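Participant: Encoded as structure tokens, here's the structure I'll be asking about.
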Amino acid sequence: AGGPGFLRFLKAVDTAVPAGLDLHVICDGRAGTDQIQKWLPRHPRFHIHRTPTGSSWLNLVERWFAELAHRGVTELDSDVRKWINERTADPEPFIWTKNTEQILDTLTAYCQRINNSGRSTG
């Protein structure tokens with residue numbers, strides 16, 4: 001996460017969210033710009049959670065956004081707010097259904113499948 005757009009986003013969130021609340025931001029593993037690295041310590045309510053490259057967290061967020069049908073920012077905002085209201089009316093925690101070994105087994109099987117596909121890699 002980096003660049004002037006991300007810093008504008010952080011500042012907008014800082015302004016919009018009541019001062020007494022902590023803010024948790026999930027972003028990819030990139031370190032960000034020097035400007036962001038200087039800004040964050042001055043705003044300790046922001047907690048940046050970086051995911052590893054190819055992380056399933058970020059993939060789940062992308063899948064969630066893909067499920068929302070929207071044609072513009074206003075419609076996206078409306079859909080997100082509707083989803084939040086419905087979700088918080090009857091909340092359920094997200095529970096991982098596979099342990100680390102099961103995930104690695106799936107990844108190993110996938111790698112073996114693509115390596116044995118007969119396709120040329122060169």
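The values are calculated or read from the model by the stated rules, or taken from the named source; none is laboratory data. Since the structure is predicted, the reported quantities are computational estimates derived from the model, not experimental observations. When we count neighbours, we look across all protein chains shown, and the Cβ atoms used for this are built from the backbone with ideal geometry, even at glycine. Only protein heavy atoms, including side chains, enter the accessible area calculation; ligands, DNA and RNA are left aside. Shrake-Rupley method; radii C 1.70, N 1.55, O 1.52, S 1.80 Å.
Participant: Looking only at region 79-99, count how many residues are at pLDDT below 80 and open to solvent by 100 Å² or more (accessible area, probe 1.4 Å).
Facilitator: Number of matching residues: 7.
Participant: Identify, please: which residue in region 1-30 is at pLDDT 80 or above and touching a strand residue (DSSP E or B) at 6+ places or on another chain (Cβ under 7 Å) and is, among those, farthest from Ile103 (Cα to Cα)?
Facilitator: Per the stated criteria, the residue is Val17.
Participant: Evaluate the following for Thr33: is it among the β-branched types (Val, Ile, Thr), more than 20 Å from Val61 (Cβ to Cβ), at pLDDT 85 or above and out of contact with any strand residue (DSSP E or B) (no Cβ under 6 Å at 6 or more places or on another chain)?
Facilitator: Working: among the β-branched types (Val, Ile, Thr): yes; more than 20 Å from Val61 (Cβ to Cβ): yes; at pLDDT 85 or above: no; out of contact with any strand residue (DSSP E or B) (no Cβ under 6 Å at 6 or more places or on another chain): yes.
Taking the combined requirement at face value, the residue does not satisfy it.
Participant: Scan region 2-12 for residues that are surrounded by 13 or more Cβ atoms within 10 Å (Cβ to Cβ) and part of a helix (DSSP H, G or I) and report the count. Break it down stepwise before answering.
Facilitator: Of region 2-12, the ones surrounded by 13 or more Cβ atoms within 10 Å (Cβ to Cβ) are 2-3, 6-7, 9-10.
Of the ones still in play, those that are also part of a helix (DSSP H, G or I) are 6-7, 9-10.
Qualifying residue count for the region: 4.
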